[in-house]
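Below you'll find the structure I mean.
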Amino acid sequence: MKKKKEVNKVVRLALYIDQYDKDGKQVDYKEINQLLWELQKQTREIKNKTIQYCWEYYNFRSDYYKKFNSYPKEKDILNYSLAGFIMDKLKTGNDLYSQNCTTTVRGACKEFEDSREKFLKGESSIITYKPNQPIDIHNERIDLKKIDKDFYLSLNMVNTKSDYYKKYKDTKVRFKVNVKDDSTQTILERCIDQIYKIGESKLIYNRKKKLWFLNMVYKFEPQVIDNLDPDKILGVDLGVALPICASVYGDLNRFTINGGEIEEFRRRVEARKKSLLKQGRYCGDGRIGHGIKTRNKSVYAIEDKIARFRDTANHKYSRALIDYAVKNGCGTIQMEELSGITSDANRFLKNWTYYDLQTKIKNKAEEKGINVVFIKPRYTSKRCSKCGYINADNRKYQAHFLCLKCGFKENADYNASQNLSIRDIDKIIENEINQSAKSKQTE
């Protein structure tokens, strides 16, 4: 076995406020909520001020270049890095614990830098942070403990100049973790045992559930399997008829997930949702008088059920796919770069969040040392994997592929997965299209 670079993953933890003062008296959760909401507000203000400082500096930088024909060095102008300069400006006038504040500033600076080219070209607007921002928690400010059978998190939230500290002489807020499954318990235990390292995390308030959640980052070095061949590529097609179809080039065997489970679940929940919406018009006293949220409370519960089913299904599907890749010695997985399913898919499957499925596949692949490659989604479903002929009419129907040139006939998702199992297929397709265009010009 050999080691690979560290893997970062996130576990979402539901939290219950469990704070006590120095005399052992429980602090009213409403007071803690008010504190955390104020920290959310301050986090948002710091992020927006950071973007403003970044924008001002880069305007100065641009003017400097026009005058001197070279860009200034941050430390020569600011005596710090840009993030350090902004942190020095914003370190006072807020209640945030200093390391959390630093994490917030650095994060906003990075988001500005990542999006700077787009808004300079007019492709997007300048970043503006909206309310209900996550509160950044530095990894060194997260204290996880297990007391009897329960897990508790103590988070350094405020600095010593805050009113909260002056009242309670404490910078921390303690939460009890709601552990719902064995997987989450295992992660927490490994963090306590330092098998996993805790990374910078985010505290988020869910208004619908009226709960705080910690998106806790944990890190570990995966154990890489030696017999995986990086040149053996498993092409993975995500589709409607088959949520997953994967194959190695030239191999008739394939890994597939049938969409029947999803479709059956879709029919059940949508029928139930429609029924509840109709009932809302004629609801009893318990659902009247408190607005649309009360009337539709049962509908929101259905939506939560859909989200849980989707998350569970995507975990199950991604795990099975990675097991198939390992069994077949595939050191590389290749997929189209997708943010969602195709526009002609039915609404439910379009909202199935294939991006989430891809993310889970990537995370589980990294744990096994499998490289994941994303390619541009262009013509892989319309290209014949046997002869390379590209034509939209090759795939007249969602589930069937028939090459109009060589007559190759197969399941459309399998054909797409065969294309995706070819190294640099996006470049090959681009070259084939260019060659075809040149041929037409010379005719």
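Please state the charge dipole magnitude for the stretch 19-122, taken about the Cα centre, from unit charges on C-beta atoms (+1 on K and R, -1 on D and E), reported in debye and rounded to the nearest 20.
On the way: 19 positive and 16 negative charges, 95 e Å.
Here the stretch 19-122 has a charge dipole of around 460 debye.
Hey, another quick one. Using Cβ counts within 10 Å as a stand-in for footprinting exposure, how do Ser124, Ser115 rank, fewest first?
Numbers: Ser124 12, Ser115 16.
Result, fewest neighbours first: Ser124, Ser115.
Quick one: if you stick a label point 7 Å off each Cα along the C-beta vector at Arg267 and Asp28, how many nm between them?
In this crude spin-label approximation the distance works out to 5.3 nm.
Could you give the nm distance between label points at Ser115 and Ser98, where each point is 7 Å from its Cα heading toward the beta carbon?
Each label point lies 7 Å from its Cα, and together they span 3.0 nm.
Can you give me the distance in nm between label points at Glu56 and Asn253, each placed 7 Å from the Cα along the Cα-to-Cβ direction?
So the label points at Glu56 and Asn253 sit 6.4 nm apart.
Please state, as a whole number in µm²/s, the translational diffusion coefficient that the Stokes-Einstein equation yields for the stretch 12-158 at 4 °C and 1.567 mPa s, with Rh defined as the Kirkwood radius across alpha carbon pairs. Write out the running numbers ahead of the final one.
Numbers: Rh = 17.7 Å.
The Stokes-Einstein estimate is 73 µm²/s.
Please identify the chymotrypsin sites (Phe, Trp or Tyr not before Pro) of the stretch 75-175 that satisfy two criteria: DSSP loop assignment and at most 15 other Cβ atoms within 10 Å. Which are they? All intermediate terms of the calculation are to be shown ahead of the outcome.
On the way: sites: Tyr80, Phe85, Tyr97, Phe112, Phe119, Tyr129, Phe151, Tyr152, Tyr164, Tyr165, Tyr168, Phe175; in loops: Tyr80, Tyr97, Tyr129.
The qualifying sites are Tyr80.
When a/c is below 1.5 the answer is rounded, else prolate if a/b is larger than b/c, else oblate, so apply that to the stretch 193-264 with a ≥ b ≥ c taken from the square roots of the Cα gyration tensor eigenvalues. Don't jump to the answer; show the numbers that get you there.
On the way: a/c = 3.99, a/b = 1.41, b/c = 2.84.
Because a/c hits 1.5 or more and a/b fails to exceed b/c, the stretch 193-264 counts as oblate.
With unit charges on the beta carbons (Lys and Arg positive, Asp and Glu negative) and the dipole taken about the Cα centre of the stretch 158-215, which residue among Tyr205, Ser183, Tyr164 sits farthest to the positive side?
Result: Tyr164, furthest along the dipole toward the positive end.
Hey, another quick one. Can you list the trypsin sites (Lys or Arg not before Pro) in the stretch 80-134 that are in a DSSP coil and have 11 or fewer other beta carbons within 10 angstrom?
Values: sites: Lys89, Lys91, Arg106, Lys110, Arg116, Lys118, Lys121; in loops: Lys91, Lys121.
Qualifying residues, ordered by number: Lys121.
At a Förster distance of 25 Å, what's the computed FRET efficiency of Lys376 paired with Lys438, Cβ-Cβ distance as r, to 0.05? Walk me through the numbers before you get to the answer.
On the way: r = 21 Å, r/R0 = 0.82.
That gives a FRET efficiency of 0.75.
Now for a different question. Assign one of three labels to the stretch 58-144, namely rounded, prolate or oblate, based on the Cα gyration tensor with a ≥ b ≥ c the square roots of its eigenvalues; rounded applies when a/c is under 1.5, prolate when it is not and a/b is larger than b/c, and oblate otherwise. Please report the intermediate quantities before stating the final value.
Working: a/c = 2.73, a/b = 1.56, b/c = 1.75.
Cα axes put the stretch 58-144 in the oblate bin.
So, one more: For a test of understanding, tell me how many lysine pairs in the stretch 37-120 have Cα atoms under 16 Å apart, given they are 8 or more places apart or on different chains.
Counting lysine pairs in the stretch 37-120 gives 10.
Return the lysines within reach of Lys316: Cα separation strictly under 22 angstrom, same-chain partners fewer than 8 residues apart disregarded; answer none if there are no such residues.
Within reach: Lys9, Lys180, Lys219, Lys305, Lys327, Lys350, Lys360, Lys362, Lys364, Lys368.
Which one of Gln52, Val105, Tyr71 has its Cα pushed farthest toward the positive end of the charge dipole of the stretch 37-120, where Lys and Arg give +1 and Asp and Glu give -1 at the Cβ?
Of Gln52, Val105, Tyr71, it is Tyr71.
Taking R0 as 51 Å, what's the FRET efficiency between Tyr80 and Asn391 from their Cβ-Cβ distance, rounded to 0.05? Don't skip to the end; give the middle numbers.
On the way: r = 58 Å, r/R0 = 1.14.
Approximately 0.30, to the nearest 0.05.
Now a separate question. For Lys409 and Ile428, compute 0.36 nm times the residue count separating them, minus their Cα-Cα distance, and round to one decimal in nm. Before the final figure, lay out the partial values.
Working: separation 19, 0.36 × 19 = 6.84 nm, distance 2.16 nm.
Length difference between fully extended and current span is 4.7 nm.
Grab the stretch 373-438 and count how many Lys pairs have their alpha-carbon atoms under 23 Å apart, sequence gap of 8 or more, or different chains.
Taking the Cα cut-off of 23 Å, the pair count is 19.
In addition: Can you give the FRET efficiency for Glu45 and Ser183, using 1/(1 + (r/R0)^6), R0 = 30 Å, r = Cβ-Cβ distance, to the nearest 0.05? Walk me through the numbers before you get to the answer.
On the way: r = 37 Å, r/R0 = 1.23.
Between Glu45 and Ser183 the formula returns 0.25.
Then there's this: Using a 10 Å cut-off around each Cβ, can you sort Cys330, Cys406 from fewest to most neighbouring Cβ atoms?
Details: Cys330 26, Cys406 12.
Going from sparsest to densest Cβ surroundings: Cys406, Cys330.
Read-outs throughout are calculated quantities, based only on the coordinates presented, and are distinct from any laboratory measurement. The structure presented is a predicted model; accordingly, all values stated were derived computationally and were not measured. In this analysis, Cβ positions are derived from the backbone assuming ideal geometry, glycine residues included, and neighbour counts consider all displayed protein chains.
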